[in-house]
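Inspection log for the structure reproduced underneath, given as structure tokens.
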Amino acid sequence: MSHSDEYSLESLHDRFIQKFGRAEQQTSVFFAPGRVNLIGEYTDFTGGLVFPCGVDRGTTLLIRPTYNNQYRFASTNFDLMAQLDQEEISRTYGDNWINYPLGILDQFSRRGIELTGFDCLYSGNIPNGAGLSSSASIEVVTAYALNSLLRTELPLLDLVRIAQKAENDFVGMQCGIMDQFAVAFAKADHAIMLDCHSLEHQQVPLQLDGYAIVVTNTNQRRELNESAYNDRVRECQRALELLVPDTGISHLGELEPEQLDSHEFLFVNDAIPLQRARHIAEENKRVRAAVPALVAGDLQQFGRMMNESHDSLRDLFEVSSEPLNQLVRLAREQPGVLGSRLTGAGFGGCTVSLLPADQVESFIKHVGPAYTKATGLTADFYPIAPGNGVGPVDRENGA
Ligand code: GLA
């Protein structure tokens, strides 16, 4: 189990004492990674297919019970520290990261679980707002830690649901289940083929045979914008409403592109929902083609699907941005690159590219300056080693 590498575990323990002082109760340590989605974007809340993997960056949480109904939250990433009492934890705390742990506490109390106070120090090395699920990482590590300290013994899938619900109800983002699921269930060197309707999933070995996954951060100030995301959710709901009576489908994720072709007439006054539904149907089809291609070692095909996914997110689903499009264009121009697309919710954030491992250095050398020239922004590059999901960190091997 790894943890954020900016701080050693010893120095995090020192920080914890500096912030909260010493106490008799024991401090425990947990880690949850971020995730990168390889293909299957915006399909999760329609009950479709996704294919994410964990990343080797994430959130480390040091946590200690207080038993005095006081809750203190601090982070090595932000100066803000909050001290709340029992009544205050059920209300949102401004518009900042503390709402993620608060949303989890709220979900635990709604399930009738008694809470009596915690000191929590978070330390993350996932870039914020980059589409790598720093928020799901905070939520899932908190839910996992509470489950362990309170001995509630909820199965991991329940913790995933708690984390998603925290984000839906407390933070107000109507996200699907992909991020929280990936962060919880990730397995090193694997990606997860997840059916977001049945929650059936399969761990697929990422045998990249000399290829590498590189995540590139646009560093575009993200204007997301829960509202743009929630708009897409609503547009997809509208498409489903129109389709249900004639097709009998129960969720948009089961819609086939051909089925949509023959029901276009239902959308005479709903051009936008039609466009969104087309993306969903085709994206699911792409995931169904891409994953077996990867398993069969046909990385070319996988890369083609990644490219088509981006183009559809740009043109049909309209969640891309100029910097994302520039980055994707420049990536695809580099020798040997098989595919490049935006990953996560878009509107800025990161791209993910598949390229020969021995070309990574030259990729960074060429794309970096060309991107700056085109946009005035500076990109960051993170070659990804798919890591494990949430778990405890022990002092011996975590430091
Ligand atoms: C965000 C959401 C996910 C998913 C992606 C887009 O990361 O949290 O649920 O919808 O966007 O695929």
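The values are calculated or read from the model by the stated rules, or taken from the named source; none is laboratory data. What you are looking at is a predicted structure, and each value in this text was computed from that prediction instead of being measured. Backbone-built Cβ (ideal geometry, glycine too); neighbour counts: all protein chains shown. Ligands, DNA and RNA are excluded from the accessible area calculation, which covers all protein heavy atoms including side chains. Shrake-Rupley method; radii C 1.70, N 1.55, O 1.52, S 1.80 Å.
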Cross-link partners of K19 among aspartates and glutamates (Cα-Cα below 16 Å; sequence separation of 8 or more within a chain): E10, D79, D119
Prolate/oblate/rounded label for segment 282-372 (Cα gyration tensor, a/c 1.5): oblate
Segment 155-228: C-alpha gyration tensor shape, a/c 1.5 cut-off, then a/b vs b/c: oblate
³J(HN,Hα), Karplus 6.51/-1.76/1.60, whole Hz, each residue of segment 97-110, x for Gly, Pro: 4, 5, 5, 5, x, 4, x, 6, 4, 4, 5, 5, 5, 4
Charge dipole magnitude, Cβ of K and R +1, D and E -1 - segment 292-332, Cα centre, debye nearest 20: 160
Solvent-accessible surface ranking, highest first, for Y211, Y42 at 1.4 angstrom: Y211, Y42
Reachable aspartates and glutamates from K285, criterion Cα separation under 16 angstrom, eight or more residues apart if same chain: E41, D44, D195, E254, E256, E258, D261, E308, D311
Candidate lysines for bridging to K373, where Cα separation is under 20 Å - those fewer than 8 sequence places away on the same chain excluded: K365
Prolate/oblate/rounded call for segment 102-248, Cα gyration tensor, a/c under 1.5 rounded: rounded
Residues whose placed amide H lies under 5 Å from that of A188, excluding near-sequence neighbours: N388, G389
In Hz, Karplus ³J(HN,Hα) per residue of segment 146-151 (6.51, -1.76, 1.60; θ = phi - 60°; x = Gly, Pro): 4, 4, 6, 6, 8, 6
Within the chain, helix-based [θ] at 222 nm, where runs of 4 or more DSSP H residues each add -39,500 (n - 2.57), nearest 500: -12500 deg cm²/dmol
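How much accessible area per residue does the chain have, in Å², with a 1.4 Å probe?
41
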Portion, in percent, of the accessible area of segment 1-149 that falls on carbon or sulfur, probe 1.4 Å: 40
Highest average packing first - 59-67, 291-299, Cβ atoms within 10 Å: 59-67, 291-299
Contact order relative to length of the chain, as percent, for alpha carbon pairs under 8 angstrom and 6 or more apart: 24
Whole-percent carbon and sulfur share, accessible surface of segment 185-336, 1.4 Å: 46
Amide H within-cut-off set for V55, under 5 Å, with H built and near neighbours excluded: G34, R35, V36, G387
